[in-house]
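Have a look at the structure below before the remarks.
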Amino acid sequence: MTDNYDNPEEQIFSERTEKETDKKCPQCGATVTFDPASGMLHCEYCGYTCEVPKGDENTVIEELDFESAIHTESFNWGEQKKEVQCKQCGAVTIYDALETAAVCPFCGSTSVMPAATNNTLAPGAVCLFAVTKEQAGANFTKWLSKKWFAPRKAKKCALPDAFSGVYLPYWTYDAQTVSQFNARAGYDSTEKDDNGRTTTTTDWKRVSGTYEEFFDDITVVASKRHEDSGVKDCEPFDFSKLVPYTPQALAGFIAERYSIGLKEGWEMAQQTINSRLKINIAKYIKRHWNADRTDRLKFMTSYSNITYKYLLVPTWISSFKYKDKTYQFVVNGQTGKVGGKYPLSFWRIALFWILVIGVAALLFYLDE
């Protein structure tokens, strides 16, 4: 059956699993899953381990040309569902249409849905998990314990064992930029008056020019339901350790396909690039013209040699409710870095500012 995401009336469709991690343990017949601690496929029942299939040894993880891409659109799959039949036990389970991998709740078989459909792209590479669920929980507990403004009750609600391993879709973009700019370069001079007070004046000079910079691996979270979850806070991911995509690499974990398309992702990447250019061009002006400061910077940028990669990155995700509001936390599955938002205690913040004001008042009194 062909996926039909363009028809909003077709909310449920049936799809047999096309690929399975189908790594059944040769010793006991149970399903093996990927173990972040060892980097191997592992059977938790008898202890059998084996390497993750590396696929075609000639496969190269390469940058793909943006202008040549066929499928660039975004997808609204958040409310759509699909039925997947487990090849091991025959059970039918309803999944979110975004998910490309999951675990059968009846027999524990790991299933991988098609990596690509007739209107979507397949992942080119995967960052494998290197942090275990236990390590993620410990890192999260340590991170939250340092958040002094978080209410004590909220810390008790956030359980470190409630994490789920999820491979999230990512776009990365490379691009050569050429920017035409004009701005004011400022030169400071200081003078002292008769009372010893120092005043600073700035002389301004109009400047213009061309600035070139190459940007490598500008990242965009390609999931609309996770773009504000704290995933960006737990970056970076180490793309030097990418491996070519294979279904077996996802064994035992949930994986999402992208909902933010290649074109929309590039628009988001351009916002990041423009923000960095604004800073870097100002630094260039100060350095090139020996200026103390810059002002009224304006620039226009052209892009060339735009390339991209579609990746799956490992995250441990958890959330909890506190006073009817949901807070989500993310742990980088490669490095263990934690990101996310947490509730704030009004009383703790008030106490902090009372202490700050009190200390400032005391220092002012002692200085008199």
Legend entry - Which listed pairs, of 146/283; 224/321; 147/337; 309/337; 142/278; 142/232, have C-alpha distances above 26 Å, in listed order: 146/283; 142/278
Inset, instruction - Rank these for me by crowding, 288, 42, going from fewest to most other beta carbons within 10 Å. - result: 288, 42
Inset, instruction - Compute the separation of the alpha-carbon centres of region 285-345 and region 170-221 and state it in Å as a whole number. - result: 22 Å
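Please report, in whole Å³, the volume per residue of the convex hull around the C-alpha atoms of region 287-338. Display every interim value, and only then the final one.
Numbers: hull volume 15.7 nm³, N = 52.
Convex hull volume per residue, Cα atoms: 302 Å³.
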Legend entry - Ranking of 173, 303 by count of other Cβ atoms within 10 Å, fewest first: 303, 173
Legend entry - Descending Cα extents along the principal axes, region 227-344, whole Å: 56, 41, 25
Legend entry - Residue order, fewest to most surrounding Cβ atoms within 10 angstrom, among 268, 300, 40: 300, 40, 268
Legend entry - Table column - 3J(HN,Hα) (Hz), region 28-38, Karplus curve with 6.51, -1.76, 1.60, x for Gly and Pro: 10, x, 6, 7, 8, 10, 6, 9, x, 5, 9
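Coordinate-derived values only; no laboratory data. All of these numbers come straight from a predicted model, not from anything done at the bench. All Cβ positions, glycine included, derive from the backbone under ideal geometry; neighbour counts span all protein chains shown.
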